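Encoded as structure tokens, the structure appears first; notes follow it.
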Amino acid sequence: MDGEELTEQETALYDRQIRVWGADAQRRLSKSHILVCGVKGTVAEFCKNIVLAGVGSLTLVDDRVVTDEALFSSNFLIPPDENVYRGKTLAELCCDSLKDFNPMVRVSVEKGDVSGFDGEFFNKYDVVVVSCCSLVTKKSVNEKCRKLSKHIAFYTVDCRDSSGEIFVDLQDHIYSKKKLEETVECKLQYPSFEEAISVPWRALPRRVSKLYFAMRVIEKFEAEGRHPGDVSIADLPDVLRLKKELCEANSLNESHIPDALLERLVTGTREFPPVCAVIGGILGQEVIKAISGKGDPLKNFFFFDAVDGKGIIEDISISNPKSGS
């Protein structure tokens with residue numbers, strides 16, 4: 001992301017942002033390339049935020065054709081006009097809308113299934129965000145990014161009803177922050193997605209967010225032959241049965257995963273717009289921090305539940321499983 005200085009036009013357009021985080025951070029943003037796979041309401045909020053912030057380019061991958069149901073989703077990028085959306089994919093329609101937010105950002109669409117892209121495909125990007133995809137795809141894309149010589153910031157995001165989750169993998173990340181009156185350099189080491197969710201549950205502190213465990217149950221249930229988000233209240237008995245099996249296998253008290261929470265997650269598969277705004281905003285903020293190399297980044301899970309209004313950061317790592325916060 002090193003290279004050319006900001007143009008006069010960029011400097012004028014991003015003047016307020018430059019006053020907040022500096023010209024160097026804005027230059028890094030303007031030269032960054034972001035890949036987003038899976039476009040739902042939370043991701044739409046994120047895309048809006050980073051386009052307005054002035055990233056260099058944004059590439060969308062989502063071949064799902066827009067349906068009438070999509071009009072009732074929380075994806076505000078879809079215009080309520082059948083003549084506009086009919087026959088287009090989600091990526092194509094969102095691409096058209098995002099271009100209007102900031103014409104200086106190159107927004108484009110890549111067709112295909114992200115799980116089938118090889119490692120070199122991801123080498124073109126500085127940040128990869130995946131959503132609406134299977135457990136296998138999350139692991140696979142993360143590992144492909146990690147095998148490349150460049151450090152790619154990898155994120156997963158999932159929002160269901162009034163709650164959601166963000167996972168972050170910045171690999172070996174170096175950044176700067178203000179400490180007293182000085183700027184100090186810091187370093188964090190991140191586990192991969194597979195490494196993080198492989199930490200034994202019994203090794204985690206009791207105060208780890210209940211959403212962490214609930215999301216893993218839903219994730220595993222969907223991995224057994226379902227498309228992401230393709231669950232309903234009719235699946236609740238099987239989901240509760242799987243919870244019991246996982247808790248027994250991991251020596252975890254079942255009270256750590258309330259039945260009411262799982263019921264909410266399988267019933268409310270649609271996203272709650274205010275929660276999309278919160279999680280999409282946090283994700284945008286984290287991506288900006290990762291690109292600019294300024295400020296403490298999130299490590300490595302973030303959970304938000306509108307029921308109690310709390311946002312919780314958990315550090316779930318093999319080397320330091322007791323460090324949840």
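The values are calculated or read from the model by the stated rules, or taken from the named source; none is laboratory data. Predicted model, so just to flag it, every value in this text is computed and none were measured. As a convention, Cβ positions derive from the backbone with ideal geometry for all residues, glycine included, and neighbour counts pool all protein chains shown. Accessible surface areas use protein heavy atoms only, side chains included; no ligands, DNA or RNA. Shrake-Rupley method; radii C 1.70, N 1.55, O 1.52, S 1.80 Å.
Please provide three numbers in whole Å: the alpha-carbon extents of the range 187-325 along the principal axes, with the largest listed first.
Principal-axis extents of the range 187-325 (Cα, largest first): 46, 35, 29 Å.
Kindly report the accessible area of the range 190-295 per residue (heavy atoms of protein chains, probe 1.4 Å, no ligands, DNA or RNA), in Å².
Solvent-accessible surface per residue comes out at 44 Å².
Name the residues whose placed amide hydrogens come within less than 5 Å of the amide hydrogen of L58, ignoring near sequence neighbours (fewer than 5 apart) on the same chain.
Excluding prolines and chain starts, which carry no amide H, the hits are I34, R106, V107, S108.
Over the range 150-242, what percent of the accessible surface lies on carbon and sulfur atoms, probe 1.4 Å? Don't skip to the end; give the middle numbers.
Values: 2050 of 4410 Å².
Summing carbon and sulfur atoms, their accessible area is 47 percent of the total for the range 150-242.
Would you mind pulling out the separation of the Cα centroids of the range 111-142 and the range 258-316, in Å?
Spelled out, the Cα-based centre of one part sits 21 Å from the other.
Once fully extended, how much extra length lies between E219 and Q189, figured as 0.36 nm per residue of separation less the alpha-carbon to alpha-carbon distance? Can you show the working numbers first?
Numbers: separation 30, 0.36 × 30 = 10.80 nm, distance 2.51 nm.
Separation in residues times 0.36 nm, less the Cα-Cα distance, equals 8.3 nm.
Give me a comma-separated list of calculated 3J(HN,Hα) values for the range 93-99, in order, Karplus coefficients 6.51, -1.76, 1.60 applied at θ = phi - 60°, integers in Hz, x for any Gly or Pro.
Per residue, the Karplus-derived 3J(HN,Hα) values read 5, 5, 4, 4, 5, 5, 4 Hz.
With θ taken as phi - 60° and the coefficients 6.51, -1.76 and 1.60, list the Karplus ³J(HN,Hα) couplings across the range 118-128 in order, rounded to whole Hz; mark glycine and proline as x.
With the stated coefficients, the range 118-128 comes to 7, x, 5, 4, 6, 5, 7, 10, 9, 9, 10 Hz.
Counting only the backbone N, which residues of the range 240-264 are under 16 Å from the spot 7 Å out from the Cα of A203 toward its beta-carbon?
Flagged as within label range: 250-252.
Using helices alone, what [θ] at 222 nm do you get for the chain, with -39,500 (n - 2.57) per DSSP H run of 4 or more residues, divided over all residues and rounded to the nearest 500?
Numbers: 13 runs with 128 residues, N = 325.
Computed mean residue ellipticity for the chain: -11500 deg cm²/dmol.
Which whole-percent values make up P(r) of the range 80-179 when all C-alpha to C-alpha distances are grouped in 10 Å steps starting at zero?
Here the calculated profile for the range 80-179 is 12, 34, 37, 15, 3, 0.
Which ³J(HN,Hα) values, rounded to whole Hz and listed in residue order, are derived for the range 224-240 from phi using the Karplus coefficients 6.51, -1.76 and 1.60 in 6.51 cos²θ - 1.76 cosθ + 1.60 with θ = phi - 60°, glycine and proline given as x?
Once rounded to whole Hz, the list reads 8, x, 10, 7, x, x, 8, 10, 8, 4, 5, 8, 4, x, 5, 5, 5.
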